[in-house]
């Protein structure tokens, strides 16, 4: 069994691609990896007796976060085993580091659960489906992303009360889709892989065609859900966010106060500190522009900062410092909402080595560019000293741009399987952009060994997640940690 992975040279670019080897030589790397680490071994999860207490890991993570927001994070994790799983990326990273891995690497997400995939707009206004969270991204074992994704599907299936066979099948089909997609990508040219993306409209059309041909109620439900999701994602843009988060006061948009989830800077601190924070965020905005492509920097320079607010986001990120920045152009209705989000150490770093980037905002941005087929035009980074004199890293992006993701609480069994395979295909593309796709494909091979192993791992880890969730609930009940629910 493997112990904690320590990777050398964990710096950009990611992966262990042997650029000057022939395709045959690269394939042999994968076959050699298979001999060292049989695919069946990927199904084993046997935590040591010294396994860290999951609640202690979460408490350690909370030390650098905004204290008054941490109970909100715990409250959101308390909702279900799946919501706990979403917030427990560090716990799973610690567990994955005790499992075997092939020795082949790629730029990995580090938190590849099914809710971190979804729809968004490309700069060309094409609807894309891809990984959409990169807070933990780092070069590492590609298997870790596949295992976290597969486990998330089983955990979600358990939350929905699906038969165990359905959840296991979803994990197996997911791993099969990853294997088949990686093998398809392995024979493509580098440029073709780079431009490859999942055609959302084609996927929806396929579901609609299946619905018509099979006349199945479940097929109709999946097609209708996909069509609704695509339509809804097109309304989840900056204008929708503007209408939800701001109101017009004296002809100017102003951020609506909704504490503790959204708190304008002017309300957050005393006047002197509020002015200092506003000035600090304005400086971040000015400096961060240097990280943008020149044409996008020119576009952003036509806006000025009007107002800022602290915003609580996600589950795993709650407690990190996240700000929304309201920018206005020459016209009061020409507005842009940006999000500046604190970037801390990746949860992977203690297991695979430190990032090659000194700025964690840059680490996130670089990883996103490597993994995503297209990224937000305003995606950039900066470092700033806060009013508490602590220096922190940030990455910035548009707050919303045609965002959409599956409602896990409403998914039906066939939808869980289908969505899992879409996520797996997107993940394979993301890994193929930075890792040695030929070696990985050769490791995966043509048999079903890998998917059966991943199915076994996912089921076993879902059981571990349930035990961790129960321990977490007990920690809340005993008063060890405080959870604020309903937010």
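The values are calculated or read from the model by the stated rules, or taken from the named source; none is laboratory data. All of these numbers come straight from a predicted model, not from anything done at the bench. Here the Cβ is made from the backbone with ideal geometry for all residues, glycine too, and neighbour counts use every protein chain on show.
Give the residues of the range 240-259 that are at pLDDT below 85 and surrounded by 13 or more Cβ atoms within 10 Å (Cβ to Cβ), sorted by residue number.
Initially, the range 240-259 is screened for residues at pLDDT below 85, giving 240-243.
Residues satisfying the conditions are 240, 241, 242.
Filtering the range 369-382 to residues that are surrounded by fewer than 24 Cβ atoms within 10 Å (Cβ to Cβ) and in a helix (DSSP H, G or I) leaves 369, 370. The residue of the range 267-290 that is nearest to residue 329 (Cα to Cα), among those that are touching a helix residue (DSSP H, G or I) at 6+ places or on another chain (Cβ under 7 Å) and touching a residue at least 24 places away in the same chain (Cβ under 8 Å), is 289.
Being in contact with a helix residue (DSSP H, G or I) (Cβ under 6 Å, 6 or more places away or on another chain), surrounded by fewer than 23 Cβ atoms within 10 Å (Cβ to Cβ), at pLDDT 95 or above and not assigned by TED's automatic domain parsing to the domain that holds residue 372: is that true of residue 185 here? When the stated conditions are applied, residue 185 passes them. Only residues that are touching a helix residue (DSSP H, G or I) at 6+ places or on another chain (Cβ under 9 Å), within 30 Å of residue 442 (Cα to Cα) and in a loop (DSSP other than H, G, I, E, B) were counted in the range 87-103, giving 6.
Scanning the range 345-359 for residues that are assigned to a loop (DSSP other than H, G, I, E, B) and surrounded by fewer than 19 Cβ atoms within 10 Å (Cβ to Cβ) yields 345, 353, 354, 356, 358, 359. For first residues located in the range 14-27 and at positive phi, partners that are part of a helix (DSSP H, G or I) and modelled with pLDDT under 90 and lie 6+ apart or on another chain with Cβ distances below 6 Å do not occur.
Conditions (1) assigned to a loop (DSSP other than H, G, I, E, B); (2) surrounded by 21 or more Cβ atoms within 10 Å (Cβ to Cβ); (3) not assigned by TED's automatic domain parsing to the domain that holds residue 356, marked per residue:
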{"position": "85", "(1), (2), (3)": "no, yes, yes"}
{"position": "119", "(1), (2), (3)": "no, yes, yes"}
{"position": "145", "(1), (2), (3)": "no, yes, yes"}
{"position": "148", "(1), (2), (3)": "no, yes, yes"}
{"position": "154", "(1), (2), (3)": "no, yes, yes"}
{"position": "161", "(1), (2), (3)": "yes, no, yes"}
{"position": "165", "(1), (2), (3)": "no, no, yes"}
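Within the range 24-78, being part of a helix (DSSP H, G or I) and touching a strand residue (DSSP E or B) at 6+ places or on another chain (Cβ under 7 Å) holds for 69, 72, 73, 76.
A single entry from 73, 51, 60 fulfils the requirement of being surrounded by 24 or more Cβ atoms within 10 Å (Cβ to Cβ) and over 21 Å from residue 455 (Cβ atoms): 73. When residue 204 is tested against (1) in contact (Cβ under 8 Å) with a residue 40 or more places away in the chain; (2) in contact with a helix residue (DSSP H, G or I) (Cβ under 7 Å, 6 or more places away or on another chain), exactly one condition is not met: (1).
If you go through the range 305-336 and keep only what is in contact with a strand residue (DSSP E or B) (Cβ under 6 Å, 6 or more places away or on another chain), more than 15 Å from residue 384 (Cβ to Cβ) and not in a loop (DSSP other than H, G, I, E, B), you end up with 306, 307, 309, 311, 324, 326, 327, 328, 335, 336. Looking at (1) within 15 Å of residue 153 (Cα to Cα); (2) modelled with pLDDT of 95 or more; (3) touching a strand residue (DSSP E or B) at 6+ places or on another chain (Cβ under 7 Å), find the lone condition where residue 422 falls short. Here residue 422 clears every test but (2).
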